[in-house]
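The values are calculated or read from the model by the stated rules, or taken from the named source; none is laboratory data. If you're wondering where the values come from, they're calculated on a predicted model, not measured in any experiment. A quick note on method: Cβ atoms are made from the backbone with ideal geometry, for glycine too, and the neighbour counts reach across all protein chains shown.
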Amino acid sequence: MVKPSSQTRIASMKTSLHPTRRQFLQSTTLTAGALLLGRGVFASETPAGKFSASQRVALGKSGLKVSLFCLGTGMRGGRRESNHTRMGLEKFTALARGAHERGVTFFDLADLYGTHDFFRQAMSPVPRGDYEVVTKIWWGRGGLPEPERPDADVVVTRFLKELQTSYLDLVLLHCVTAEGWNQDLAGQMERLAELKKKGVIRAHGVSCHSLPALRTAASEPWVDAIHARINPYGASMDGQPEEILGVLRTAKANGKGIVGMKIIGEGRFREDEAKKRESVRFALQSGCVDVLLVGCETLPEFEELRKFIRETGA
């Protein structure tokens, strides 16, 4: 099933609401009243050169439109656990729903993190068309409790059941490191391409954890979107910032959607406001990062980043 476009909803909102500039400025505070208007208002009214965590952005030429901020769920993730599962379902639900109520529609999951069941329960009251999911297939050794690595179509079928959905917005091959990953994983790429043709997934790509792998992804026609590690300090990255940006510019020119991860250095800058602010600015003003992915563990953490996003370019 292909997810219906939000354009019709946005158009009907504009026709019926006719927001004035003053009304829009009030809406950016994300009061409860503004939230009731729906995410399309935020997407259509963000001025050029300004940024909002909730604004809708095109993820390259993938055909996906998502919120500029993506909530991660894999902090310290492995063996189907992460800090987000360890916090318990009640806190996870408050975090995910709280972010969604503040305009975030894009959520990053993975088999490795064990967050499918948590996310399904947390978002069960929310219509499926009101958010986008990226999840990831762990194909390598280790990482999961079991040694078997079924083919991608088998894994995606399980993901659909775990999330109780008929489609996935974006599916990635998780943590590619080899320069020739597109040869090593050609069979899995073909299976994901078939699922995309059937409408079971809307886009596919990779999360990169080495510079050679990133270079390959930047030019690989199969890749719709890339998760890439980027911040101005080189923390938890695959090379120096300018070197990474050069590859991302190539990827962007080739139509790839770019999701920037490790924006806060995998939590290393959590207590450093200046570094967090600069990391947000660096990514947003790079011209080649579409989405900021951060695994916030509390709503105050998210609120702070939302403020930094809003203040960038102000």
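What the table shows:
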| quantity | calculated |
| --- | --- |
| The stretch 133-148, residues that are surrounded by fewer than 18 Cβ atoms within 10 Å (Cβ to Cβ), out of contact with any Gly (no Cβ under 8 Å at 6 or more places or on another chain) and of a type outside the set (Asp, Glu) | GLY140, ARG141, GLY142, LEU144, PRO145, PRO147 |
| Selection count where residues are closer than 22 Å to ALA253 by Cα, among the hydrophobic types (A, V, I, L, M, F, W, C) and outside any loop (DSSP other than H, G, I, E, B), scope the stretch 194-223 | 7 |
| Selection status of SER82, over 16 Å from GLU132 (Cβ atoms), crowded, with 23+ Cβ neighbours inside 10 Å and assigned by TED's automatic domain parsing to the domain that holds GLU132 | yes |
| Failed condition for ASN231, given (1) surrounded by fewer than 24 Cβ atoms within 10 Å (Cβ to Cβ); (2) modelled with pLDDT of 95 or more; (3) among the polar types (S, T, N, Q) | (1) |
| Selected residue (criterion: nearest to ARG191 (Cα to Cα)) from residues of the stretch 136-164 that are touching a helix residue (DSSP H, G or I) at 6+ places or on another chain (Cβ under 8 Å) and acidic (Asp, Glu) | ASP153 |
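Here's the yes/no breakdown for (1) acidic (Asp, Glu); (2) closer than 26 Å to VAL206 by Cβ:
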{"site": "ARG229", "(1), (2)": "no, yes"}
{"site": "ILE258", "(1), (2)": "no, yes"}
{"site": "LYS275", "(1), (2)": "no, no"}
{"site": "ALA283", "(1), (2)": "no, yes"}
{"site": "GLY287", "(1), (2)": "no, yes"}
{"site": "GLU303", "(1), (2)": "yes, no"}
{"site": "GLU311", "(1), (2)": "yes, no"}
